[in-house]
Every structure is written in structure tokens, then in C-alpha cells.
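Novice: One structure is given below, represented as C-alpha cells, and several questions about it will come after.
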Amino acid sequence: MLLEPAAAGSGIMFFRRDLGVEVPASFALVGETRLGTVLIRDAARVGVIEHLMAALSGAGIDDVRIELDGPEPPILDGDALCYLALIDAAGVREQDGRRDAIHVRKTIEVKSGEASVRLVPHEGRQFVFTIDFAGKIIGHQYFSFAFSEEGFRAEIAPARTFGFLSDLDALLKMGLSRGASLSNTLAIDGDRLANPQLLRFADEFVRHKILDAIGDLALAGAPIHGRFEGLRSSHALNNQLLRALFADEDNYVRVDS
Ligand SMILES: [Zn+2]
């Protein structure tokens, strides 16, 4: 993966160098959400983009070109901190031009069974998330995060991805999630964690759900000012939420920030 500067106003653009296809980072191109958020344009797929998108959002980056020589960014440490470290090393430059923010004007809600997501009008960018998993390792976790770049670095970006050891084995056998391993993914094995030395927060799981939501919502193309409320939800509902938000122009207003 290669991150390159892009002109002001050009947004976040993926480029599959191996296929010669550009894939804009847009919610409208999300075509699959089973193992992560996957953009699909023609025959080109760009998968598991949410951690990188969260890092770009967390670093306040609006314009960047991301070249890939395969179907997904390297997962590295399974968090957003690893990408922030690379962005910090390269540096960030402010460009001239208008910078939009999207202000939520009406409550938008999407549900599926016991899971739901909402966007509620709110000053600033707020994320609250609740998860409930059977078993002792995750259980019930709640986290509320008022977005700031410093807060994102300290409280959200270090939270690693997680999964069940049984699923991980099956996925690896199917040739999927090949970047995931016991050195970057918190692996739940019944009532124990297979790699407890990786754990950075007791409530790391719900913090990672907020990291995913920040990454998925970054596909709006501009920061969303409002309160995001997630309940047991995942990538599919995050994408449906953006589609519902943008389905009606009365739901939001674009403001030069
Ligand atoms: Zn994730």
C-alpha cells in the first residue's frame, strides 16, 4: 500500500494498481459487509478498508490517493494506530479550499433484528456504542466517545479487531482474512482470550466497534456532525445508515467548516 498526496477537493481515492482501476471511498460503492467493508467497482474490490478509513478520519485527512497491489490494505496491527504512525511519519499538509461537514438534521434509524444504528442531531461528533455478547470475555460493554483528534489517538485508535478463534480457523482454511493472526486479532476461545498479552483496554471490544463505525461513516466523504448510536450492530447497518441519511436532502445540511 502506498499513500500519496491528492489535490484539494479530490477526496479519498483507492487505486488498484494491479487492475488499473480507481475506486472512490464512497458509501455508494459498498457491495459487501460480511467480513469488513468492501468497495466494489466493476471487477475491482477493495476490502477491509474500515481501519484505514478510521485513521484517515481521525487524522483529519480529506484528500489522499491510496495505491494497492491487491484486494485489501495490509491489516498490520489490527488497529488504526499503526496507520496513524505512518501518516505521522509522512506528515500532513493543509490545502486551500472549502471543507464540508455534514450536519444531521433529523434522527435516522436502521434496524435489523436486535441490532440498530441511529444518527441523531447533535453539536459535534459523538459516538456511543453498546454490545452484548454471550460469555465472560466480552459480555456487556458500553462506550461513549466525543470525537477529537487527540481523543481518537488515545482512546479509540489502539483498539484492535477481534474474533472467535473457531471462526478464524475456518476463515483461514477458506483463504479469507489472511492478514488476521494471533499477533493482531484478539481471539476469543470460549471463556478465555487466546492472546491476552495483546489486550490494551478491558473494554477494547466496544472501543473497536466505535473505530469501525468511524471508518464506515468516513465513506460519507465529509465528517458527520451528529450523535451516532450503535447497538449490537456491524458494517452492514453502518452502510444502510449512510444510504438512509443521503436518501433525503432534508435529513442533513452541508456546512463549510
Ligand atoms: Zn474492525
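The values are calculated or read from the model by the stated rules, or taken from the named source; none is laboratory data. As the structure is a prediction and not an experimental result, all values here were calculated from the model. Note that we place each Cβ from the backbone using ideal geometry, even for glycine, and neighbour counts take in every protein chain shown. These area figures cover heavy atoms from the full protein model, side chains too; ligands, DNA and RNA do not enter into them. Shrake-Rupley method; radii C 1.70, N 1.55, O 1.52, S 1.80 Å.
Novice: For region 2-256, what does the accessible surface come to per residue with a 1.4 Å probe? Please give it in Å².
Specialist: Using a 1.4 Å probe on heavy atoms only, each residue of region 2-256 averages 47 Å².
Novice: Note down the Stokes-Einstein diffusion coefficient of region 108-162 in µm²/s, whole number, using a Kirkwood radius over alpha carbon pairs, 25 °C, and 0.890 mPa s.
Specialist: 184 µm²/s
Novice: Lys209 accessible area, nearest 10 Å², 1.4 Å probe?
Specialist: Per-residue accessible area (Lys209): approximately 30 Å².
Novice: Okay, next question. Rank Ala28, Ala202, Ala180 by mean-square fluctuation in a GNM of the chain with C-alpha springs under 10 angstrom and give only the top-ranked residue.
Specialist: Evaluated over the chain, the most mobile residue of the options is Ala202.
Novice: Give me the lysines in straight-line cross-link reach of Lys106: C-alpha distance below 25 Å, same-chain residues under 8 apart excluded.
Specialist: Of all the lysines, those that pass the test against Lys106 - Cα under 25 Å, at least 8 places apart if same chain - are Lys209.
Novice: Stretch Glu67-Ser144 to full length: gain in nm at 0.36 nm per residue minus the Cα-Cα span?
Specialist: Working: separation 77, 0.36 × 77 = 27.72 nm, distance 3.37 nm.
Contour length minus the Cα-Cα distance gives 24.4 nm.
Novice: Taking the Cα centre of region 2-256 as origin, sum charge times position over the Cβ atoms of Lys and Arg (+1) and Asp and Glu (-1), and report the length of that vector in debye to the nearest 20.
Specialist: Numbers: 27 positive and 37 negative charges, 80 e Å.
Charge dipole, region 2-256, about its Cα centre: 380 debye, nearest 20.
Novice: Put +1 on the Cβ of each Lys and Arg and -1 on the Cβ of each Asp and Glu in region 2-256; which of Ala85, Gly124, Ser10 then has its Cα farthest toward the positive end of the dipole?
Specialist: Gly124
Novice: OK, next. Tally the DSSP beta bridges in region 2-256 and give the antiparallel ones as a percent, rounded to 5.
Specialist: On the way: 37 of 53 bridges.
Antiparallel bridges: around 70 percent, rounded to the nearest 5.
Novice: Ok, one more. What ³J(HN,Hα) values, in whole Hz, does the Karplus curve 6.51 cos²θ - 1.76 cosθ + 1.60 give for region 44-56 when θ = phi - 60°, with x put for Gly and Pro?
Specialist: These are the phi-based 3J(HN,Hα) values: 9, 10, 10, x, 6, 8, 5, 6, 5, 4, 5, 5, 5 Hz.
Novice: Under a plain spin-label model, where a point goes 7 Å from the Cα along Cα-to-Cβ, how far apart in nm are Asp167 and Leu2?
Specialist: 3.5 nm
Novice: While we're here: Please report the relative contact order for the chain, taking Cα pairs under 8 Å with a sequence separation of at least 6, and give it as a percent rounded to a whole number. Write out the running numbers ahead of the final one.
Specialist: Numbers: 541 pairs, mean separation 71.9, N = 257.
Reported as a whole number, the value is 28 percent.
Novice: Also, quick follow-up: Using the alpha-carbon centroid of each, what span in Å lies between region 118-162 and region 226-257?
Specialist: Spelled out, the Cα-based centre of one part sits 16 Å from the other.
Novice: Please report the antiparallel percentage of DSSP beta bridges with both residues in region 1-91, rounded to the nearest 5. Write down the numbers at each step before the final one.
Specialist: On the way: 13 of 18 bridges.
Given both bridge residues lie in region 1-91, the antiparallel proportion sits at roughly 70 percent.
Novice: Something else about it: At a 1.4 Å probe, what is the % contribution of carbon and sulfur to the accessible area of region 2-256? The partial results should precede the final answer.
Specialist: Values: 5920 of 11970 Å².
It is 49 percent, rounded to a whole number.
Novice: Karplus couplings for region 77-88 from phi (6.51 cos²θ - 1.76 cosθ + 1.60, θ = phi - 60°), rounded to Hz, Gly and Pro as x?
Specialist: Calculated HN-Hα couplings, in order: 8, x, 10, 9, 4, 5, 6, 4, 4, 5, 5, 4 Hz.
Novice: Please give the contour-minus-distance gain from Glu109 to Arg93: 0.36 nm per residue of separation, less the Cα-Cα distance, rounded to one decimal in nm. Show your work: numbers first, answer last.
Specialist: Details: separation 16, 0.36 × 16 = 5.76 nm, distance 3.61 nm.
Separation in residues times 0.36 nm, less the Cα-Cα distance, equals 2.1 nm.
Novice: Convex hull volume of the Cα atoms in region 2-256, per residue, in Å³?
Specialist: Numbers: hull volume 32.2 nm³, N = 255.
For region 2-256, the hull spanned by Cα atoms encloses 126 Å³ per residue.
Novice: List, in order, the whole-Hz ³J(HN,Hα) value for each residue of region 25-30 obtained from phi through the Karplus relation with A = 6.51, B = -1.76, C = 1.60 and θ = phi - 60°; use x for Gly and Pro.
Specialist: Each residue's phi maps through the Karplus curve to give 7, 10, 4, 5, 9, 5 Hz.
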